[in-house]
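Take a look at the structure set out below.
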Amino acid sequence: VGARSAAAPLLVLRGGGAAALLAAYTRALSAAPFATKGASAAVVAVAADGIAQSLTRKGGEAWDWARTRWIVVWGVIFSGWANALWFDLLSRLFPEARHSGIALAQKVLANQLVMAPALSAAFFAFTVLTRTPPPAQSSEAFDRFDLEKRGRIGYHELNVRALGFALSVWWAAKWAALRRKLAAELLPTLVRGNAYWTVVQTVNFRFVPPQCMVLFGNLASCVWTTYLCIVANRAAGDSSRNS
């Protein structure tokens, strides 16, 4: 008994920090599971984007805080909440995955066929919509609109028409940019993602408690999101040179 009592503080000293963090996360998860999963996913996403920016930022280039703010939105909604709902669904569809190799393989396969490509495509779309600079045509749309109509229609009607024209130009340019990005990057990303996530999710679905699956997946996704941030934010010319 004495030996065990003496050894206990040593274990606390060695693993106390990680154990305390895990205990705090577990308490927060019990109190507010959805919010906790979203918040933890956002923290991991910001860390991944920070690593990506540190690796790709050229000398003297300012930190992209707008990109950091947008990655928080991605982390909360997609990496956190969407994954939480998806993992709950998979747990109901494959309840024997922790004990059956066949059920585990089916669960991993379902994840890789459905959620993996959906999240990769969604991340590219999210980046193009929020981070790709708007085309010059959309910012100049008001000037290109027939201003001579000011004398024939009301000022507010003119602004509504000009805004509609600007939005149509903006959307057309964004859609074209997204198509180019998906054509150049989606297939290689899925191939690499399947190699990485098949191993990660096999461990996750087999050994990690259900309430911690999102946390484990988000920690593993720090590496993957770093890669995605680099790929999604690089220019078309860079992707062709690196493919």
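The values are calculated or read from the model by the stated rules, or taken from the named source; none is laboratory data. Everything numeric here is computed off the predicted structure, so don't read it as measured data. We place every Cβ from the backbone using ideal geometry, glycine too, and count neighbours over all the protein chains shown. Calculation scope for accessible area: heavy atoms of the full protein, side chains included, ligands and nucleic acids excluded. Shrake-Rupley method; radii C 1.70, N 1.55, O 1.52, S 1.80 Å.
Against the test of being small (Gly, Ala, Ser), modelled with pLDDT under 90, surrounded by fewer than 11 Cβ atoms within 10 Å (Cβ to Cβ) and assigned to a helix (DSSP H, G or I), the options ALA19, ALA8 yield a single qualifying residue, ALA8. When VAL160, VAL214, VAL203 are checked against the criterion of being modelled with pLDDT of 85 or more and among the aliphatic types (A, V, I, L, M), VAL203 stands alone in meeting it.
Taken over segment 161-212, the criterion of being under 17 Å from the mean Cα position of the chain (by Cα) and of a type in the set (Val, Ile, Thr) is satisfied by THR189, VAL200. If we scan segment 73-86, do we find a residue that is over 15 Å from PRO210 (Cα atoms), open to solvent by less than 50 Å² (accessible area, probe 1.4 Å) and in contact with an Asp or Glu (Cβ under 7 Å, 6 or more places away or on another chain)? Within segment 73-86 (the criterion being over 15 Å from PRO210 (Cα atoms), open to solvent by less than 50 Å² (accessible area, probe 1.4 Å) and in contact with an Asp or Glu (Cβ under 7 Å, 6 or more places away or on another chain)), the answer is no, since none of the residues qualifies.
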